[in-house]
Every structure is written in C-alpha cells, then in structure tokens.
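Below is one structure; the comments refer to it alone.
The values are calculated or read from the model by the stated rules, or taken from the named source; none is laboratory data. Note that the structure is predicted; figures quoted are calculated from it, not measured. All Cβ positions, even for glycine, are placed from backbone atoms using ideal geometry, and neighbour counts span all protein chains on display.
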Amino acid sequence: MSRPRLRYLLVFGLLVAFTGTTFAATVASGSKISPDLAALSSSGNVPVIIQYRNQPTPLETGLLGLLGGLVKLVLGSINAIAADLPLGQLNQIAADPNVVYISLDRPVTAREAVTITAAEYTTEPINAPAVWQKGYTGTNIGVAVIDSGITPVPDLNINSLTLPLGQPIVAQLLASLNEVAPWSTGRIVYSENFVPGQNDALDHYGHGTHVAGLIAGNGADSTGPQDFRTFRGAAPNANIINLRVLDENGAGTDSSVIAAIGEAISLKNTYNIRVVNLSLGRPIFESYTLDPLCQAVEKAWKAGIVVVVAAGNDGRDLNLNPEGYGTINSPGNDPYALTVGAMNTVETPQISDDIIASYSSKGPSFIDHVVKPDIVAPGNLVTSLQYEDDSLAIENPSFVTLYSFYQTNGPETPSPNYFPLSGTSMATGVTSGAIADLLQAAPTLTPDEVKALVMVNGDRNYFPATSSVTDDGIVYKANYDVFTIGAGYLDIAKTVGAALINNGSVPSGTAMSPIAVYNTVTGDTTATIDPSALWTQTGPWSASSVYGNNAWINSDEGSTALWGKTALWGESDPDAYTALWGKTALWGKSTPAAETALWGKSGDAEESVPLEY
C-alpha cells in the first residue's frame, strides 16, 4: 500500500476472514457465543474471553484445561477468563449456566492518524491557560494511560513550571514516590507491561508517549528565552500511571486492555487514579451490554474513575452513508464512557473557525444506537512528545515539528523532542488532561458529575451548519449534529467555573448517553433517555440544554425527537436516512454481523486516514 502509516489494515480482519458454516451451523439464535466467533471454522485453538455471571470457580477453570484449552489471564474486574480454546468445545462451555458470553479476544489498535505539521493549537481552544492561571494544573491527580507504553522524557519530569503571567507552580507528587520499575521516573509514578512476551513498559511505538504529553507534558523542552511557543499538555502537573497494552506496531488485545483497566481500579487509591485514558479501540461486534471491553469500562466508571475514550478515526468510511455516520468504535460506544471526537483548529487559537476533523467517527453506535460522541476537542495536527528512536517519528520522516515552529530565529530543521499527530487519540488525551484539572479544582466530583459538567458546559455557539473537505476527488461532508459533535466543544475554563459554584450542583443520576431510535413510518429519530440519567431533568440539565436547543424538537416523557430528516442529514442528501437506518444497511435484520455492513464484506476494514483534514 502507499502511505504505509497513513493507510493501514485493521488487524481484526485476520480473525473474521476465516468464515465458514461448519461451526456456525451448530450455534443457535440468541447464543452466548459472539457472531464473529461463531462464524469461524478452524481445527485449532482460538483466543477467547469468557464472561461469567459470578467469579468462575476452580472447577470451571479446570474444565477449560480438560477440554484442551489454555487459560492465559484471569480478568477479575469483569468475572472473566482469557483463554485459548478449541472451537469445537465452545458449546459445552456455553452450556454452563454461570457463563454469560464468549467472544473472541479481539485485536485493538491505537486511534491516531499520523500527519505533517502545521501551526495548530491544542490547549488554547479549550481555555486551559485560564484554568492554569487559577492554579489548576492536575496536581496530585493520577491519569492511567492505557496505551503503547511511555518513554520518560524531560517534559514528564518533576520540573517547576512557569505558566502564563509568570506564575511559578512547583510540581508536586503524591505522598509516596517509589519507583516500581526502571522505566518509572518523574511524574510517571507507576509503570506496568501487559503485552504478552515482553517485559518492559517503555514505548516501542511512539503513540503512548505522544498521548501522555498531550495529557501532562510540562513543556520543559520548549521553555526558554528563545521559545515563543511551549508545548504543554492540558494538565501539565498531573501524574501518569503507565499501563502498556500495545506492542511495537500499535496493536494489542481485548484481554490486555481489560487486565490494565482492572489494574487501574486496584491502584486507584494508591496513586489517586481519577482518569483512565483509552486512545484505542476496535469495531463493534455486539451490544455494549455484552462487549467485554465495555464491561471493563463500566467497572472502572463505577469504581470512581472517569474513562475517556477515543471515538475512532472512521468518519471517512462511507460504506453506510455519504457522511460517515455509524462509525463509532468500541469501547467508545458505551453510554457511561466519555467519548471524544476530534476538531481541526485550522491554525488559530480561537474556535470560531474550527471544523470537525473529517476522519472523526460519528454516531449513532452500531447495534445499540448510542448517541455519540459526547464531546469534541482539538485532535488534528497537534504537537506532542517524541523520544530517541521513536518508531512513528523514524518511519515517517516528513512528520516533523521544526525548531522554527516554536523558537525565535529557529532553524528550519526537525526538533528531536516534538512531532505532530492527528486523530481522536489526540483529542482524547487533551480531554483527559482537562479533566485532571477539573478534579484538582473539585476533587469530590463523581465520574457522572464530571461527564455531566463537561457536556453541559460544552461550547455550541460557533459551529457551522456543515463543512466539507475534498481528498483524492472524494468529498467528505459533515453536518454539525449530535452524532458529529455531541454536546459541543470542550471548554474546561467554563466547566471548572461551574464546578466551583456549589460543587457544580449536579442533580443525582447517571450521565449515560441517550439511545437513538428511528421510526420507519414517520421518518423521525428520537433519543430515549435512560430513567437513571440526570438528563431527564428540566432546565440546564435537560437533554435540550446539553445538546443545544436546535438539536431537539417535540420533547415528551423521556423521549426527545432529534433534528428532522432534512436538517439532520443535509438538504443535498435526502436518502441518508435510508442508507443509515435501512434494513439492508446497518440496523436491519438482514445484517447479521457488523463487519458485513460497516467494515466491508471481507471484514478487512481498510482505513483511509487523512493527511490534514
């Protein structure tokens, strides 16, 4: 392929390619076995995750070995086991009343789109400098970065910061700073590897370090008399818990991610972990209620940790409709998670001219139709950290940040410390850092209160009605609706200000994202709100306030109508409803598997990643 880093194959296609009917014919409708697993035909063992209703007993674990399986991981946070099992034995395991669901241990990948540099802005559009000036820089807040590992660099060390207006802020750590491994140092207070067959948590890909810089970089390598621009993360004094799950190719598995989430839960009190950053994902294969990744996200959420997830970079996938709807990735489809889309700041610090990045995945989510993303943040062409022998930087020598980009009279040569990437991964890192600032300001907030405050205070005032970009003769159009921008543009200064007034005065209830329901008779789409959600309130916490008054019509009990057919899908595309909601495309009974409709008939999901759109 051309552009090997800009156009790549999602590895899950390797699993679904071995389709056949031998095993699938033995699986009844409504089975406990996932459709992609049921479709496999193989004589060997396959990697699976078995979710149990209650913690599996020693007898149940032993049975897996007796049936020819090999237990690899016990995933206690979701009562599950990751194992290699013979396909022919799965029905016998599924017959156990304690077994809830068996799915493939699917590959996950980083959600970045590497690109060339430009003068983009990262923290200014979300008003982070205004929060820093009040002393909120994420101090003592732990952010677990579940990614490709982190290689320590000066911007993640314990250096004093000089923030705007010359205010000195001295970096502080948690009470105990014990290096648990040689790759933990500075504000990387804990490191652990979950990649099978490897024994360090350093970054061998380049993605995790870049994301960590967007969360908590303090700009040490771009702070000096010659520097007119400093590359700080959104929370430049937060602590990082480095949980490596992706290998040197940016690939990992469900089980590794779930194990890392479980570790973040267990370490929550030790390192004050209040945020988990998941700048990774994969296609959706079943309801979030069964998806093991989503179940792990919910466990962390209910343990008091805000889980921030990338929406995905598949907004240019037009298999379903001309605008890329229905392309949200897992676990960003979970209604509890705070799911983030990416904005293009078009080389200015203000947001009035910003547009959605054309690759940013759009809702509603596959199968469950969850209204996603929840919020959008800068993610296009954002500069962050690199390190010596950084794989992404070396393999893509045109992706550079020149010294002249941030130094007065700087040379037109690449900096060895910084380089740019684009993607919802980057927007997720920016958002995780902003939430660390919020939690320093208001530490008693629950995850639902955080999500509610962020969404209610999102900025919806400056979006255009539509935008489009053209690449290789293809026009990629975006309508600025709830499935594209969610509740709006992250504004952390407004959010912190609201939280400091009576601790935000957030009503009780969850902040679960609504579910979209399409009426084939009337052509209307309604957003049904979970009875436990606080969006059922009136006033500033109502769904109309969260998503903007123009996004909703005809409100009634717990169900709100979205934009009409023409307004939602664009006047020039009256058939988009048919394409997205039709029986033969995405939601109908004739589409038994996600990969058939959304990811192409072969299941290969070849993703065309943009340069700078």
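In a residue-by-residue description of segment 350-363, the property of being within 18 Å of the chain's Cα centre (by Cα) and charged (D, E, K, R) applies to at least one position. Pairs linking a residue in segment 336-350 that is in contact (Cβ under 8 Å) with a residue 24 or more places away in the chain to a residue that is of a type in the set (Phe, Trp, Tyr) and not in a loop (DSSP other than H, G, I, E, B), with Cβ atoms under 7 Å and 6 or more positions apart or on different chains, are 336/301; 343/489. Taking the criterion of being modelled with pLDDT under 50 and not β-branched (Val, Ile, Thr), the residues of segment 21-51 that qualify are 23, 24, 25, 28, 29, 30.
For segment 388-410, residues that are under 14 Å from residue 231 (Cβ atoms) and either in contact with a helix residue (DSSP H, G or I) (Cβ under 9 Å, 6 or more places away or on another chain) or part of a loop (DSSP other than H, G, I, E, B) (or both) total 5. The criterion of at least 1 residues that are outside the structural domain of residue 122 (by TED's automatic domain parsing) and farther than 30 Å from residue 319 by Cα is met, among helices (runs of 4 or more DSSP H) falling completely within segment 411-504, by 492-499.
Taken over segment 294-317, the residue count meeting the criterion of being under 26 Å from residue 357 (Cα atoms) and touching a residue at least 60 places away in the same chain (Cβ under 8 Å) is 12. Restricting 437, 481, 471, 448 to those that are among the acidic types (Asp, Glu) and surrounded by fewer than 18 Cβ atoms within 10 Å (Cβ to Cβ) reduces the list to 471. Can you find even one residue in segment 100-107 that is within 21 Å of residue 34 (Cα to Cα) and surrounded by fewer than 17 Cβ atoms within 10 Å (Cβ to Cβ)? No, every residue in segment 100-107 fails to be within 21 Å of residue 34 (Cα to Cα) and surrounded by fewer than 17 Cβ atoms within 10 Å (Cβ to Cβ). Only one of the listed residues (291, 334) is buried (at least 24 other Cβ atoms within 10 Å of the Cβ), over 14 Å from the mean Cα position of the chain (by Cα) and under 30 Å from residue 33 (Cβ atoms). That residue is 291. Only strands (runs of 3 or more DSSP E) whose full extent lies in segment 62-153 are considered here, and the ones with at least 2 residues that are aliphatic (A, V, I, L, M) and under 20 Å from the mean Cα position of the chain (by Cα) are 107-110, 142-147. Condition check: out of contact with any His (no Cβ under 6 Å at 6 or more places or on another chain) and surrounded by fewer than 19 Cβ atoms within 10 Å (Cβ to Cβ). Does residue 402 satisfy that? Yes; evaluated as a whole, the condition is true for this residue. Scanning segment 203-227 for residues that are among the aliphatic types (A, V, I, L, M) and either modelled with pLDDT of 95 or more or touching a Leu at 6+ places or on another chain (Cβ under 6 Å) (or both) yields 211, 212, 214, 215, 216. Taking first residues from segment 482-499 that are closer than 26 Å to residue 466 by Cα and partners that are of a type in the set (Asp, Glu) and part of a helix (DSSP H, G or I), the Cβ contacts under 8 Å between residues at least 6 apart in sequence or on separate chains come to 492/437.
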